[in-house]
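**Student:** First the structure, which I've put down as structure tokens, then a few questions once you've had a look.
The values are calculated or read from the model by the stated rules, or taken from the named source; none is laboratory data. In this text, all values refer to a predicted model and were calculated from it rather than measured experimentally. Quick reminder, even Gly has a Cβ in these numbers, built from the backbone with ideal geometry, and neighbours come from all protein chains shown. All accessible areas refer to the heavy atoms of the entire protein, side chains included, with ligands and DNA or RNA removed. Shrake-Rupley method; radii C 1.70, N 1.55, O 1.52, S 1.80 Å.
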Amino acid sequence: MRFPIFALLAPIVTSVILWLVTGSAYTLLFALLGPIMALAQFADGKLQARKSEKLKQENDDEEEITQRARELEQRQAERDELILKYPAASQWALPTNNLRPAWAASAQPEGTQRLIRIGLALREGKPVVVDAHSGIAVCGDEVEARSALRAMGFQLLWTWGLSEASKMGWSVGGEPELDQFASSNHQPADVILHRVDASEVLPSGVRYLLTINRGRAVLRDVVDPLIRDVELQVDLLTRAESNRIITLLNAESVAAQARHTPVSTIPSSVPAVINRSSEWEHSRDSLLACLGRKHEHPLLLDQVQAGPHAVIAGMTGSGKTEFLLSWVLSLASMYSPQRLSLLLIDYKGGAGFSRVKDLPHVAGVLTDLTPHQTRRAISSLQAEIRYREHVLAEAGVADISELPEKVELARLLIVVDEYRVLAESFAECAALFVDVAARGRSLGMHLILSSQRTGGVITDAILANCSLRVSFRVSDKADSHTLLGVEDAYNLPHIPGRALIQGTEVPLTEFQAARTTDEDLHAVLKKSQRWLDEKPLWEQHVPWKPELPREIASSEMPPPLENSAWLGILDIPENQAQDWTPYIPHQDGNLLVTGPARSGVSCAVASLHSQLGGLVLRDSEIAWDAVVEEPESLLREGSKVFIEDLDHLLDCFGLEHREQFLASLMKCVRLAPQRNTVFVIGSKENPRGTQALVDLFPMRLQLLSASEPGRGLWRGHQIQLVHGGDLQPESGQWGEMICEEECSYAVITHRKTSLISSLTKAYGDRVSALKSALNVSPSVNFPIVIGTPDEWMLNHAQLAEMREAGLLILDRCSPSEIRGLRLKSGLFPHSENDTALVVEPDGSTTRAVLRT
């Protein structure tokens, strides 16, 4: 920077001029500012220049760093792109590899070049790629050299196809992984891979020499000396990795050949193959059947080996049900009922298996029309698993095929048509079939589950054990992929019965399912009948007990029990048991029997009463006296109280008497266990206003419907009750009212006119009507005065006088009318319409019939 001379001289000149004008010496002091300002300006300029230079240097450095980072990122992207383009051969052997060979998708590079990767350059990390046509020789340790040659050779096979190997000669010596693809002729090869020693002369046609030492290698161009040697991390491929790649290459090769091989035609209709001979297959270790026809041969399948369980899918009309019938009939023609048992479940109307239901092999046919039978069967199959485990344990074997000949246990084949509907109807069946699928193989229990779809219907836990898969045409690619792992079932032709099958040791195969005829069915029925005729004593083992009888007479009961009563036969399907079950009062306590009208509630109470004895409360007046008036007598030790129809009994009471009776009855029922007393009460399913009473009964017998009288639920299981006849209840036998001569009577009634007429005939002038509200004494000594409640309310003094001297007769008076007469603070005992209450002067009451 130049020194600021003008900044120095300007203050000096200015001060001299001022001195000349003013003559003051002080003005010369301004001359000192010149040097000071010049020096300051010069220093400031220097400082700013240095700062600018430093800022420029920083910007240049930052720009250089950014440029270097950009170049590094670009080189990294180029390196990554090259690695993706030229991957190591070992990548194709990884279990996670989802790439196909390029030639399998017709995507191999065009041209004559065969660029292969040797390894990664140590400096740049980029793949080192050379044209194999130039020839490569490998020198170094035997194992490393062969691994490197193996990696190069499999790159050629993976990228350009197996046909490339047929054109080339391999000089790798004793390398079976490559030799199996090499050409058998000795014509010159286009690609030469050599294994050479360090002292060996390179063969003709070799341009590159790869020297390997412990994974690190040097690649030299032996033709062009201007090309520098490349140090690299060489790619290696083990024998195990090459074997995994060979599996993929062979599979793709077979598929490619299949695509170019003419396919034999599968017939669109195949008749069933039925064993019409008189011989049976006696082995327990197979379930062999002819299911249809594939390209060249019949489709023979052993479900035990290929399954042991099967899942079938297919859209409506694809032929699933006909296929199931053909499968079942083929098995029935091969195996006798002693070796094969069938449980057929048809949940799309029930008609599908109707043709084969008469086969002796069939243990049962369950449909959506009989859901209660299906529920019993599902529960019983759990017991069947335990039963078969017990049979195998007793025989000391682990599998049904190892059972001695003398032990009879047939394989059980459970066939379900439309599994989705079954699973939606019975949620518990999913857990059952998971259990059967997991344990059924050794126990001889096999599943064939058919559904229009599998996704979201058949759980993974079931599919995991169902190796045998059959798919007819499906409407969704996902269903095909879920079942078979491929989408081929979606592309099946629209031919009923055309399907794909795969299983254990059964590759994916297209076939035409067989169709059965009535003639086939008759042949199997005839053959089975001959077998039955030869074994008249044979009895089929059925996984569940037969249906409960619709009626059980009292004469069929077992011997009587002490202090207990037989209820009926209890069905316990989960234990495959049906047995008589008792009601034990001292253990079970109070019992409530409920059910709709004509379902057998009265018969159930009557049966228990006939066996246990005790007090029957059917008459409302007797029930009131026992429950309300004398509860202590009712609760005496060991007594048993029966109410046949609680609803009818409560309807006999007015509102206030009903509430009082219910409160007293609840108190008695609550105290009954402490007094060793038992109440057995019959009622409707939801008796009005009695919920608090119902809650006091821990034991309940629920009858189901009027269509099946006596069928109910006991302890969570169905029961058929024994028919015990009708109850013989106690009834109130009240005497007719007789008026004594030396006693006066005040009659309060709504039947004033008719009673005056009838009583006048019997008692003459003693009978009079209460005529006015005046307190007038009767003219006779012991009168019978008759009046309505309203009239007596107006003549309360006369009522009080007559009550002290005589008897009070209440005929059909309501509690509110009695309260209006101020006769009693509480309720008088309940009485029926034909019964009158006779009230003594001391307040005690009796009943009598007051006839008109």
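**Student:** Do any helices (runs of 4 or more DSSP H) lying entirely in segment 450-564 carry at least 1 residues that are of a type in the set (S, T, N, Q), and which ones are they?
**Tutor:** 477-484, 518-534
**Student:** Further question on the same structure: Looking only at segment 94-114, which residues are under 24 Å from ILE136 (Cα atoms) and part of a loop (DSSP other than H, G, I, E, B)?
**Tutor:** PRO101, GLN108, PRO109, GLU110, GLY111, THR112, GLN113, ARG114
**Student:** I'm trying to understand the selection: among the residues of segment 290-309, which are surrounded by 18 or more Cβ atoms within 10 Å (Cβ to Cβ) and polar (S, T, N, Q)?
**Tutor:** Within segment 290-309, GLN303 is the sole residue that qualifies.
**Student:** A further question on this structure: Just to be sure I understand, how many residues within segment 638-655 are within 52 Å of the chain's Cα centre (by Cα), surrounded by fewer than 16 Cβ atoms within 10 Å (Cβ to Cβ) and over 22 Å from GLY724 (Cα atoms)?
**Tutor:** 3
**Student:** Here is a list of conditions, (1) part of a helix (DSSP H, G or I); (2) at positive phi, and GLY349 meets all of them except one; can you say which number that is?
**Tutor:** The number of the failed condition is (1).
**Student:** If I filter segment 218-248 down to residues being over 22 Å from VAL129 (Cβ atoms) and among the hydrophobic types (A, V, I, L, M, F, W, C), which single residue comes out as nearest to the chain's Cα centre (by Cα)?
**Tutor:** LEU248
**Student:** Suppose the filter is touching a residue at least 60 places away in the same chain (Cβ under 8 Å) and under 40 Å from the mean Cα position of the chain (by Cα); does VAL694 pass it?
**Tutor:** yes
**Student:** Working only within segment 423-434, note down all residues that are in contact with an Asp or Glu (Cβ under 8 Å, 6 or more places away or on another chain) and crowded, with 16+ Cβ neighbours inside 10 Å.
**Tutor:** Within segment 423-434, no residue meets the criteria.
**Student:** Now for a separate question. Hand me the list of helices (runs of 4 or more DSSP H) wholly inside segment 368-444 holding 3 or more residues that are under 24 Å from PRO337 (Cβ atoms).
**Tutor:** Of the helices (runs of 4 or more DSSP H) lying wholly inside segment 368-444, those with at least 3 residues that are under 24 Å from PRO337 (Cβ atoms) span 371-395, 428-443.
**Student:** Take the residues in segment 679-708 that are among the small types (Gly, Ala, Ser) and in a strand (DSSP E or B); name whichever of them is nearest to GLU551 (Cα to Cα).
**Tutor:** Among those residues, the one meeting the criterion is GLY682.
**Student:** Any residue at all in segment 211-228 that's assigned to a strand (DSSP E or B), touching a Cys at 6+ places or on another chain (Cβ under 8 Å) and closer than 16 Å to ARG117 by Cα?
**Tutor:** Within segment 211-228, one or more residues are assigned to a strand (DSSP E or B), touching a Cys at 6+ places or on another chain (Cβ under 8 Å) and closer than 16 Å to ARG117 by Cα.
**Student:** Right, something else. Do we find a residue being in contact with a helix residue (DSSP H, G or I) (Cβ under 7 Å, 6 or more places away or on another chain), open to solvent by 20 Å² or more (accessible area, probe 1.4 Å), assigned to a loop (DSSP other than H, G, I, E, B) and closer than 27 Å to VAL223 by Cβ anywhere in segment 78-93?
**Tutor:** no
**Student:** So, one more: If you scan segment 673-692, which residues turn out to be surrounded by 21 or more Cβ atoms within 10 Å (Cβ to Cβ) and either hydrophobic (A, V, I, L, M, F, W, C) or not assigned by the TED database to the domain that holds VAL601 (or both)?
**Tutor:** VAL678, PHE679, VAL680, ILE681
**Student:** Suppose the filter is outside the structural domain of GLU840 (by the TED database) and either touching a Ser or Thr at 6+ places or on another chain (Cβ under 9 Å) or open to solvent by 10 Å² or more (accessible area, probe 1.4 Å) (or both); does ILE809 pass it?
**Tutor:** For ILE809, the condition - outside the structural domain of GLU840 (by the TED database) and either touching a Ser or Thr at 6+ places or on another chain (Cβ under 9 Å) or open to solvent by 10 Å² or more (accessible area, probe 1.4 Å) (or both) - is not met.
**Student:** Among the numbered criteria (1) open to solvent by less than 30 Å² (accessible area, probe 1.4 Å); (2) more than 28 Å from LEU468 (Cα to Cα), which single criterion is violated by HIS522?
**Tutor:** Condition (1) is where HIS522 drops out.
**Student:** What is the residue count in segment 343-359 for residues that are buried (at least 21 other Cβ atoms within 10 Å of the Cβ) and either touching a Phe, Trp or Tyr at 6+ places or on another chain (Cβ under 9 Å) or charged (D, E, K, R) (or both)?
**Tutor:** Here the count works out to 4.
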